[in-house]
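See below for the structure under consideration.
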Amino acid sequence: MHTSQPLIRTLAITGIALLALTACSAKGATATTSSEPDAVKTGAGIVGDTISLGVVSDYSGPFSPLATAALDGIQTFWDQQNGDGGVCGTYQVELVVRDHASNAQQSAAMYQEIGQDVLAYQDYSGAAQIGAILPDLEADGRLMLANSATKQLIDSPLILIPAAFIGTDAQISLSWLLDSGTLQKGDTFATIHQETDFGEQANEGADEFADEHGLTALSYQIKPTDTDMTAAVTDAIANGAQVIVAGVAPGQTASIATVLQSAGSDIPIAGVYSSFVPALLDTPAAGYLTEHMTLSSYIATFEAGPGAELYATLSAEEEAPVTANAVQGYLSATLMSSILEAACAAGDLTPEGVAAQRFELGPTDFDGHKVTFDYSNVGESPTNEAFIVHPDAAVDGGLSTISDGPFTLSK
């Protein structure tokens, strides 16, 4: 695979106007133009032949394994792309990395530190952490590829998310269980969810699915810092739950599994978004998760085809074991590269020029490495399909696909 050709194809072009967001920000740097007629306009975030992209995530908190793996994939892509000549054959990309540790106040401080020095955000994680800086982001007109998928983010025309939004993700997992017969009309499931935007939207999506499909939904809210899921799981079992939806962090998913295993249960776990990492397969929860957990994945697993090819590429470049999150980071960087190249071709590499290209994406294909995403309509989930996968220590990446290609949410 020649890395100077991003793994993206635009299947359709949309003509939505950027409206007020294309206006120069009062806080941003003034764009400059060379006297040459075919010069590319540049501004904040580009100094000389270097483009600075922000990366702000949780590298020391509860989601650090996910964030670190994603950063590995991002860095691998840009190392390769820089080696192939960079953006427009001219600009080298430099990542400006900061750790907000899943703290909204720290996120706001990080944004104030680097916000005027980056062209766009290659990665920014956490709904609350992004919410804390969203007014400034929109005032500054910076494009963001968010490593989060809550509803408030897809309502912003400056933010692209890497998955179905959280509520839709929960519904895809439940839809698979309903279609496969694991759940049936009249059954009961329980959602154990964090007291965060992520957890609450997983719960809302699950509740909506229950109402639409004649199911009974139980709800158990936990704190992000809770480590023992015994009380919630025990009550769910006592109240007849036939499935547990996990709107939690990976360590909390492991606790759900170990409690179920200790109880002699075989209740399935439906994972939501960031509820699983392959490192859980090295814990006492591994056996239960392998046998009883399913979740949605928006990238192809590594068993064969495009997924196996990309896994081989990343394995040759990275020291750490390659996971789905590393691939997600790599593919997110290919999307940003495609946007930057389009902005360069349009002659405008200012923050506003880059943000304008978000509206030219239309349905976007990743050559089989991901399901198709359509960013045309602000406020809508960019996809309603996913590969249904389950934990599997026997395969590269720790996940294997059980659906026959992408599975589409049944409404």
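Only bridges whose two residues both fall in the chain count here: according to DSSP, what percent of them are antiparallel, nearest 5? List each step's numbers first, then the result.
Values: 17 of 54 bridges.
About 30 percent, rounded to the nearest 5.
Which entries in the list 223/370; 151/185; 185/223 go over 29 Å, if you measure between the two C-alpha atoms of each?
Working: 223/370 32 Å; 151/185 27 Å; 185/223 31 Å.
223/370; 185/223, as the Cα separations exceed 29 Å there.
Using θ = phi - 60° and the Karplus form 6.51 cos²θ - 1.76 cosθ + 1.60, what ³J(HN,Hα) does each residue of the stretch 289-297 get, whole Hz, x for Gly and Pro?
These are the phi-based 3J(HN,Hα) values: 4, 4, 7, 10, 10, 10, 7, 8, 10 Hz.
What's the ranking of 328-341, 158-171, 88-101 by average number of surrounding C-beta atoms within 10 Å, highest first?
On the way: 328-341: 24.1, 158-171: 26.0, 88-101: 17.6.
In decreasing order of mean packing, 328-341, 158-171, 88-101 become 158-171, 328-341, 88-101.
Just to be sure I follow: if Rg is taken over the C-alpha atoms of the stretch 243-305 and Rh is the Kirkwood radius over the same atoms, what is Rg/Rh? Walk me through the numbers before you get to the answer.
Details: Rg = 11.6 Å, Rh = 11.9 Å.
Using Cα coordinates only, the ratio equals 0.97.
Can you order the peptides 344-350, 243-249 by their average number of other Cβ atoms within 10 Å per residue, highest first?
Values: 344-350: 19.0, 243-249: 29.9.
Result, highest mean first: 243-249, 344-350.
If you roll a 1.4 Å probe over the heavy atoms of the protein chains, what accessible area per residue do you get for the stretch 262-411, in Å²? Display every interim value, and only then the final one.
On the way: 5160 Å² over 150 residues.
For the stretch 262-411, the per-residue accessible area is 34 Å².
Rounded to the nearest percent, how much of the accessible area of the chain (1.4 Å probe, protein heavy atoms only) is carbon and sulfur?
On the way: 7600 of 15400 Å².
The value for the chain is 49 percent carbon and sulfur by accessible area.
Amide H of residue 277: which non-local residues (sequence gap of 5 or more, or other chain) have their own amide H closer than 5 Å, using H built in the peptide plane?
Counting only residues 5 or more places away or on other chains, the set is empty.
Which of the following values of Cα extents along the principal axes in Å was calculated from the structure shown: (i) 62, 50, 39; (ii) 74, 38, 33; (iii) 74, 40, 37?
Checked against the structure: label (iii).
The values are calculated or read from the model by the stated rules, or taken from the named source; none is laboratory data. It should be emphasised that the depicted structure is a prediction, and the values quoted were computed from it without experimental measurement. Methodologically, a virtual Cβ is constructed for each residue, glycine included, from the backbone with ideal geometry; neighbour enumeration extends over all protein chains shown. Just so you know, the surface numbers come from the protein's heavy atoms only, side chains and all, with ligands and any DNA or RNA stripped out. Shrake-Rupley method; radii C 1.70, N 1.55, O 1.52, S 1.80 Å.
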